[in-house]
Amino acid sequence: MPTADPPRGELFAVALHNAVEGCVSEAFAAALAAHQARHAGSPELRAVFAAIAADELRHGQLAWDLHTWLFGQLPAEQQAEVQAAQLRALAMLPRETCETAATAPAELGWPSPARARVMAEGFAREVAAAVGAAA
């Protein structure tokens, strides 16, 4: 039977997953899809990626809204763990994005590996600064 308030451990697991997958991956996916919407090889693909970018932007915003609420429900030591995991994900983002860009078909409009790294570094820098300021 469901309870009104999930156990703290479950909140922590959701907060941890959301901070990494939602706030980092989904939010950055919106930036990548927006790039693809401008650079994909055909008008049809550009339209598809424009729709994906808008959808990913909504997902990213939902993740950040949820993050704000979840983070406030956690004790300080769990908040620190969530923040550390999010910062680790941000630190890995440029390398991972560069690797994916190196193998992405050109017609899909991915940025070059160098451009992908710059995009990811800028995103990571801005988010890390915001995460640090919120602590």
Next on the checklist: Give me the residue from region 26-68 that is in contact (Cβ under 8 Å) with a residue 12 or more places away in the chain and basic (Lys, Arg) and, out of that set, most open to solvent (accessible area, probe 1.4 Å).
Outcome noted: ARG38
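Report whether or not GLU81 is among the acidic types (Asp, Glu) and in contact (Cβ under 8 Å) with a residue 12 or more places away in the chain.
When the stated conditions are applied, GLU81 passes them.
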Item to check | Filtered residues of region 120-131 (kept if touching a residue at least 12 places away in the same chain (Cβ under 8 Å) and open to solvent by 30 Å² or more (accessible area, probe 1.4 Å)) | outcome: GLU121, PHE123, ALA128
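From ALA129, ALA114, ALA30, grab the single residue that is part of a helix (DSSP H, G or I), at pLDDT below 95 and of a type outside the set (Val, Ile, Thr).
Exactly one of ALA129, ALA114, ALA30 is part of a helix (DSSP H, G or I), at pLDDT below 95 and of a type outside the set (Val, Ile, Thr), namely ALA129.
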Checklist entry - Do you know which residues across region 84-98 are in contact (Cβ under 8 Å) with a residue 60 or more places away in the chain and in contact with a Pro (Cβ under 9 Å, 6 or more places away or on another chain)? => result THR97
Next on the checklist: Scan region 93-106 and tell me whether some residue there is more than 18 Å from SER25 (Cα to Cα), out of contact with any Cys (no Cβ under 7 Å at 6 or more places or on another chain), at pLDDT below 95 and in a helix (DSSP H, G or I).
Outcome noted: yes
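The values are calculated or read from the model by the stated rules, or taken from the named source; none is laboratory data. Everything numeric here is computed off the predicted structure, so don't read it as measured data. Note: ideal-geometry Cβ built from the backbone for every residue, glycine included; neighbour counts use all protein chains shown. Ligands, DNA and RNA are stripped out before the accessible areas are found, and what is left, the full protein with its side chains, is counted by its heavy atoms. Shrake-Rupley method; radii C 1.70, N 1.55, O 1.52, S 1.80 Å.
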